[in-house]
Amino acid sequence: MPRLTVRDFDLRSTVECGQLFTYARLGEWYYITGQQKLFAIRQREREVEYRGVDEGFIRRFFRLDDDLVDIRRSLKKDPIVARAFSESMGLRLVRLELWEAIVGFICSQACNIPRIRTVLKAIAEAWGGRVELDGFVMYLLPRPQALPGEAKLREAGAGFRARYLKQAAERVDDALLDRLRRMDYHSARRTLLSIPGVGPKIADCVCLFSLGFLAAFPIDTWIRKMMRDFYFHGSNATDQRIRDFGQAHFGEYAGYAQQYLYAFYRRCPLERWNAAAADGRMHFPSGRNAER
DNA sequence: AGACAGGGGAGTG
DNA sequence: CACTCCCCTGTC
């Protein structure tokens, strides 16, 4: 059984923090489909064991070569992000396959993680390739040309996203995927936005979780709320303003900042921050978050 | 019962 | 640009 010693890596939070939906958990093992493969992985302290893929795949998929200490240091000037890192150190971004990411995040719109997983599982089981590892069977997400029509996708539970999925599958082919993989952040984002069902949020998710543009700063309802609370004095700043600020303020690792803030804010929203601050257990930057 | 959710699109001012 | 409404479906 291949093993790998890791540092600054937490498998559970990495898998379950809303960037990866195609997995099954069996005891301490995660069975994950990604990059058109099935693999299994578990973590015990600083050691991970895995099956189904090689070490290079694991390192690449979980971005184990990202220097989290360095990333943390470069974001440390922001006390809120610093706090989020100290709570969740080891959370890493993943590197999804491009089309799988597009499908996954189109399905993610206006629904929660359990439901995203249910829909993707249904689509994979109906039209994706069967894969097996040690007797455990899963199904890969279908390639664009293997995706069925809107009506069938609707039956699978995709709802109004069915039309987007089908239109996206008609727009996307291997040539486009290859071109996207060679583009810079702005070109890739602009091109992704031209795909039906892909708006600003989904485009940035794909840029961050698949294409590896760590400066991408996707804004969903949690990040929107969190950014308004902590960086805009609770005002109703538009997503455009939040994004501009986020990228300017957090810089090249804005995506990591976003991921840690997201993970932490979901566990610990503003009310609890304030309670902790009132106890003197937390320090806030002056002028921010004074009351509310 | 009726609103709302981990968005996008189309339409309007 | 910024704002509104609708879209599937489950849940409170």
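Scan the stretch A:217-239 for residues that are free of Cβ contacts under 8 Å to residues at least 24 places away in the same chain and more than 20 Å from the chain's Cα centre (by Cα) and jot them down.
A:Arg228, A:Phe232, A:Ser235, A:Asn236, A:Ala237, A:Thr238
Does any residue of the stretch A:167-180 turn out to be crowded, with 22+ Cβ neighbours inside 10 Å and either free of Cβ contacts under 8 Å to residues at least 60 places away in the same chain or touching a His at 6+ places or on another chain (Cβ under 7 Å) (or both)?
The answer is yes; a qualifying residue exists.
Evaluate the following for A:Pro142: is it assigned to a loop (DSSP other than H, G, I, E, B), within 16 Å of DNA strand C (Cβ to nearest atom) and modelled with pLDDT of 95 or more?
Taking the combined requirement at face value, the residue does not satisfy it.
What do you reckon, is A:Leu193 modelled with pLDDT of 95 or more, surrounded by fewer than 16 Cβ atoms within 10 Å (Cβ to Cβ) and under 25 Å from A:Asn112 (Cβ atoms)?
yes
Residue by residue through the stretch A:112-135, note down the ones that are closer than 18 Å to A:Pro218 by Cβ and buried (at least 16 other Cβ atoms within 10 Å of the Cβ).
A:Ile116
Looking at the stretch A:105-139, which of its residues are assigned to a helix (DSSP H, G or I), more than 16 Å from DNA strand C (Cβ to nearest atom) and under 25 Å from A:Leu64 (Cβ atoms)?
First pass over the stretch A:105-139, keeping only residues assigned to a helix (DSSP H, G or I): A:105-108, A:113-127.
Those left that are additionally more than 16 Å from DNA strand C (Cβ to nearest atom): A:124-125, A:127.
None - no residue of the stretch A:105-139 is assigned to a helix (DSSP H, G or I), more than 16 Å from DNA strand C (Cβ to nearest atom) and under 25 Å from A:Leu64 (Cβ atoms), so the list stays empty.
I'd like to know if the stretch A:190-198 contains one or more residues that are closer than 26 Å to A:Thr14 by Cα, not acidic (Asp, Glu) and not in a loop (DSSP other than H, G, I, E, B).
Scanning the stretch A:190-198, I find at least one residue that is closer than 26 Å to A:Thr14 by Cα, not acidic (Asp, Glu) and not in a loop (DSSP other than H, G, I, E, B), so the answer is yes.
For A:Asp184, work out the one condition from (1) farther than 17 Å from A:Glu100 by Cα; (2) in contact with a strand residue (DSSP E or B) (Cβ under 6 Å, 6 or more places away or on another chain) it doesn't fulfil.
(2)
State yes or no: is A:His249 part of a loop (DSSP other than H, G, I, E, B), surrounded by fewer than 17 Cβ atoms within 10 Å (Cβ to Cβ), outside the structural domain of A:Ala188 (by TED's automatic domain parsing) and away from DNA strand C (no atom under 15 Å from the Cβ)?
no
Could you identify the single residue in A:Asp229, A:Asp239, A:Asp204 that is more than 24 Å from A:Thr22 (Cβ to Cβ), within 11 Å of DNA strand B (Cβ to nearest atom) and surrounded by 14 or more Cβ atoms within 10 Å (Cβ to Cβ)? Step through it out loud before you land on a result.
On the way: A:Asp229 fails: within 11 Å of DNA strand B (Cβ to nearest atom); A:Asp204 fails: more than 24 Å from A:Thr22 (Cβ to Cβ).
Among A:Asp229, A:Asp239, A:Asp204, only A:Asp239 is more than 24 Å from A:Thr22 (Cβ to Cβ), within 11 Å of DNA strand B (Cβ to nearest atom) and surrounded by 14 or more Cβ atoms within 10 Å (Cβ to Cβ).
The values are calculated or read from the model by the stated rules, or taken from the named source; none is laboratory data. Owing to the predicted nature of the structure, the values given are computational and were not obtained by experimental measurement. Virtual Cβ from ideal backbone geometry, glycine too; neighbours counted across all protein chains shown.
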